[in-house]
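The values are calculated or read from the model by the stated rules, or taken from the named source; none is laboratory data. Keep in mind that what you see is a predicted model, and the values were worked out from it rather than measured. Note that each Cβ is placed from the backbone with ideal geometry, even for glycine, and that neighbours are counted across all protein chains shown. We work out accessible area using only protein heavy atoms, side chains counted, and drop any ligands, DNA or RNA first. Shrake-Rupley method; radii C 1.70, N 1.55, O 1.52, S 1.80 Å.
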Amino acid sequence: MFLLVDVDRMFEKMQTVRVVYHLGDGVGGLKAGADVKLGDQPVGNVTAIEDVMEDGRVTAKRVVFSIPERYMIHQN
C-alpha cells in the first residue's frame, strides 16, 4: 500500500481565517472543501461558508478557511 501525502504539511501549524464577502462580490459556486490558492498553488482549504444576516435577510457570506500560520494575513 502506498500513501501519497505532503508529510511536512500534515504537521504544519494552521490558522483559521474568516473573510466576509458581500453578495455582489460574486462568491457563487464556492463550497466547503475548496482549495485556497496562493500563486496558483493550493495552500489550504475552505472549511465553512456561513450566512451573514442583517434585518432578517442574508446580506453577505462569511468564508472560513484554514491556511498555514507562515502566511501573514492583513486586513483590507
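Things worth noting here:
- Full extension of the segment from E54 to V27, taken as 0.36 nm per residue of separation minus the current Cα-Cα distance, would add 7.9 nm.
- Structure-derived volume of the Cα convex hull per residue in Å³ - corresponding label in [x] 136; [y] 119; [z] 94: [x]
- Surface composition of the chain: carbon plus sulfur atoms contribute 52% of the solvent-accessible area (1.4 Å probe, protein chains only, all chains present).
- Using only side-chain charges placed at the Cβ, +1 for Lys and Arg and -1 for Asp and Glu, the dipole size of the chain relative to its Cα centre rounds to 40 debye.
- From helices alone, the chain scores -500 deg cm²/dmol at 222 nm; the rule is -39500 (n - 2.57) for each run of n ≥ 4 DSSP H residues, then divide by the residue total.
- Pair V36, K13: separation of 7 Å Cα→Cβ label points (nm): 1.6 nm
- Annotation: amide H-H contacts under 5 Å for T47 (H modelled 1.01 Å from N, sequence separation of 5 or more, or interchain): G33, V64, F65, S66.
- Karplus 3J(HN,Hα) series, Hz, for region 43-57 with 6.51 cos²θ - 1.76 cosθ + 1.60 (x for Gly, Pro): 10, x, 9, 6, 9, 6, 10, 10, 6, 9, 9, 8, 6, x, 9
- Between M14 and E69, the built amide H atoms are under 5 Å apart, and every one of these is 5 or more places off in sequence or on another chain.
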